[in-house]
Amino acid sequence: MDISSIIDGIQPASFKLSEQDALFSLFNHPLVHFYQNTRKTKDFMPTGILRQSLVTTLREFPILLGHVQEADGRLDSVVVNKDSINVPEFTESQSSTRYSDLLSAQFNWRVWPDRVASTGAMVTPSNGGKVKLLSVHLTRLADNSGVILFCNIPHFIVDGFGYYEFLNKWACVCKEQRSNHTDSEADNQYNDNTNANDDDNGNYGALKVTGSKQTRYVFDRETVYESLQFTHRQCLPMPAAKAIIETDSIVSRLLASLSFGNRLRIASIGMHLNHGLANWFWISTESIDLLLKLVTDDDACHLSRDEISTYALVAALVDTAFVRAQKLMASRSGPIVRAASFAGRIASKLLCGGRANDEHVLINMVHTRRYLQPLDAGYYFGNPVIIHPVLMPLKRAADKDARGSFVRLARAISKEMCGIDGPAVRGFVDMVCANPSAHARLAVFASAAPSTLTVVDERSYGMDRVDFGDGGPAWVSGISPHMPNMVALFQQPAPMHAGVAIYASFEPGLARLIASDPFFSVFSKSFAT
């Protein structure tokens with residue numbers, strides 16, 4: 001991608017990364033957006049203006065143009081130098097697939113065109129060892145029926161809110177430039193800020209943005225750390241997170257001693273050996289109301305209805321079915337598989353601390369932007385995400401009484417999530433900063449635990465509002481394959497807004513057992529699987 005038009009304005013900078021960023025250093029944000037050409041316009045999402053508006057937008061996000069630097073084997077900073085730009089990837093392809101084909105298949109991954117995604121779920125360095133901090137791929141559908149937009153930013157750069165802040169900023173600039181270009185054509189003259197050397201391929205020059213929202217972006221992690229100053233009570237991390245982050249082991253020390261590049265390579269190998277296949281489930285508003293009634297009607301529940309969130313209900317429902325499916329799959333395995341599993345648990349106890357062998361672990365990814373003090377400097381483009389595990393004895397989590405397991409888990413999640421506030425967030429950040437190898441300890445714990453599910457709520461990102469001038473996306477999806485045993489709650493565009501869409505990546509074979517679980521299937525339905 002040609003970014004020569006903005007190079008002169010790029011200032012040398014070094015953006016220090018934090019230990020909190022390192023927790024997510026292996027993972028990407030590989031999201032796919034499906035746009036339908038509903039008005040049958042000839043210039044539907046034109047490539048030239050999409051490309052040029054992206055270049056214009058990057059002026060405000062210089063961190064995406066830098067190279068990752070290491071120090072003592074860990075992520076240290078992103079360094080931006082106009083003489084050595086980490087040029088974002090921007091590619092395009094033409095497909096014979098029509099938008100109607102995708103729609104009729106409910107956007108099933110099996111009918112996606114080839115190579116929609118230009119990156120995978122895990123951060124992968126190039127042959128030269130470099131990591132792209134922004135990758136975009138456009139897939140133009142047959143008969144100009146639509147466009148698939150794939151965009152990826154590594155998770156250690158920004159969280160989901162920041163990801164969509166960037167996409168929406170790009171979309172806003174694109175609409176502005178399209179409007180300016182149309183006005184220029186109508187007047188048969190170009191704006192003074194337009195590059196007169198537009199080529200025949202639609203590569204329009206930079207146009208002045210006059211009406212876009214002006215936002216100053218903050219990339220300094222220390223600024224945000226300082227904003228988490230609380231004095232009204234002691235800042236302590238949650239006990240379950242503390243047990244994971246502060247548990248040392250031989251394997252975590254070895255992993256922490258490796259370079260960032262080598263850790264990425266090991267993670268990539270692990271992904272090939274143990275990956276997840278994506279599935280979609282749908283839980284209606286009516287089903288959520290029924291699940292809430294199950295919890296509040298339980299005699300042991302001392303929480304009000306307002307303290308039991310939709311997130312807790314959905315996470316508990318999926319997790320209950322997940323643990324039961326794992327137990328059922330294990331009971332059907334042969335003696336060799338059972339022996340290998342037993343040997344793995346023994347090795348885990350010896351090498352990894354092994355506490356997780358007796359517990360089921362539900363890792364809640366918690367967004368903490370609401371706890372940040374107002375930043376006078378502007379919008380924080382970073383990673384204010386913490387992990388909040390909920391631990392439950394494995395035997396109890398896999399109880400035959402699915403209803404009882406669900407109610408207990410929903411109560412536990414609600415209680416734990418209600419306990420998160422500003423001081424708790426600061427306590428978590430302090431703990432991670434005091435343990436530079438926290439990223440390795442978390443990775444080892446999650447790998448060693450026989451039953452771990454990660455859940456994140458992405459409904460507030462504003463996925464459906466990314467409008468480049470032809471309307472927002474009709475569907476947004478993660479990719480397949482993805483990391484195993486990961487669940488994300490999506491707020492899809494209409495007509496599926498009256499409920500929760502669940503993107504779930506499970507180990508092969510588990511999804512079928514989960515979908516057929518007698519308790520789970522009462523409240524949900526699968527689609528696009």
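The values are calculated or read from the model by the stated rules, or taken from the named source; none is laboratory data. Just so it is clear, the structure is predicted and the values come from calculations on it, not from any experiment. Don't worry about glycine lacking a Cβ; one is built from the backbone with ideal geometry, like all the others, and counts go over all protein chains shown. Calculation scope for accessible area: heavy atoms of the full protein, side chains included, ligands and nucleic acids excluded. Shrake-Rupley method; radii C 1.70, N 1.55, O 1.52, S 1.80 Å.
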key: Two-site FRET efficiency, Arg216 against Asp430, from Cβ-Cβ distance with R₀ of 25 Å, rounded to 0.05   = 0.35
message = If I model a spin label as a point 7 Å beyond the Cα along the Cα-Cβ vector, how far apart are those points for Gln373 and Leu290 in nm?
response = 4.9 nm
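Which net charge results when you count Lys and Arg as +1 and Asp and Glu as -1 among the other residues whose beta-carbon is under 13 Å from that of Tyr225?
Overall, the nearby charge balance is -3.
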message = Students often forget the sequence filter, so: which lysines lie under 21 Å Cα-Cα from Lys293 once same-chain residues fewer than 8 apart are removed?
response = Lys400, Lys415, Lys525
task = Report the label-to-label distance for Glu246 and Lys130 in nanometres (one decimal), using points 7 Å from each Cα along the Cα→Cβ vector.
result = 4.3 nm
query = Across region 66-82, in residue order, what do the Karplus-derived ³J(HN,Hα) couplings come to in whole Hz, using 6.51 cos²θ - 1.76 cosθ + 1.60 with θ = phi - 60° and x for Gly and Pro?
reply = x, 10, 6, 10, 10, 8, 6, x, 10, 4, 10, 6, 10, 9, 10, 9, 5
ask   = For Thr91 and Phe519, what does the FRET efficiency come to when R0 = 56 Å and r is the distance between their Cβ atoms, rounded to the nearest 0.05?
value = 0.80
request  = List the lysines whose Cα lies under 18 Å from the Cα of Lys132, skipping any in the same chain that are fewer than 8 positions away.
outcome  = Lys16, Lys82
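Only bridges with both residues in the chain count here: give the DSSP antiparallel percent, nearest 5. Show your work: numbers first, answer last.
Working: 52 of 69 bridges.
Of all bridge pairs located within the chain, approximately 75 percent are antiparallel.
Would you work out what percent of the accessible area of the chain, with all protein chains in place, is carbon or sulfur (probe 1.4 Å)? All intermediate terms of the calculation are to be shown ahead of the outcome.
Working: 11760 of 23130 Å².
C and S fraction of accessible area: 51 percent.
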inquiry  = Distance between the C-alpha centers of region 367-390 and region 12-88? Whole Å please.
reply    = 20 Å
Radius 15 Å from Cβ of Ser526, net charge of other residues (Lys, Arg +1; Asp, Glu -1) = +2
task = Rounded to the nearest Å, what's the spacing between the alpha carbon centres of region 138-165 and region 421-471? Just the number, please.
result = 20 Å
task = Could you tally the net charge around Ile502, taking each other residue with its Cβ under 11 Å from the Cβ of Ile502, Lys/Arg +1 and Asp/Glu -1?
result = 0
query = Using a 1.4 angstrom probe with every protein chain in place, what is the largest-first accessible-area order of Ser118, Ser447?
reply = Ser447, Ser118
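Using just the helices of the chain, give the 222 nm mean residue ellipticity in deg cm²/dmol: DSSP H runs with n ≥ 4 each add -39,500 (n - 2.57), and the total is spread over all residues, rounded to 500. Please list the in-between numbers first.
Numbers: 18 runs with 198 residues, N = 529.
The helix-only estimate for the chain comes to -11500 deg cm²/dmol at 222 nm.
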key: Spacing of the two label points (7 Å from each Cα toward its C-beta) at Arg253 and Leu103, in nm   = 6.1 nm
task = Compute the relative contact order of the chain as a whole-number percentage, counting only Cα pairs closer than 8 Å that sit 6 or more residues apart in sequence.
result = 24 percent
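Go through Cys418, Cys172 and list them by solvent-accessible area, largest first, probe radius 1.4 Å.
Numbers: Cys418 75, Cys172 45 Å².
The most accessible residue leads, giving Cys418, Cys172.
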ask   = Within region 13-31, whose backbone N sits under 17 Å from a point 7 Å along Cα→Cβ of Glu70?
value = 17-19, 22-27
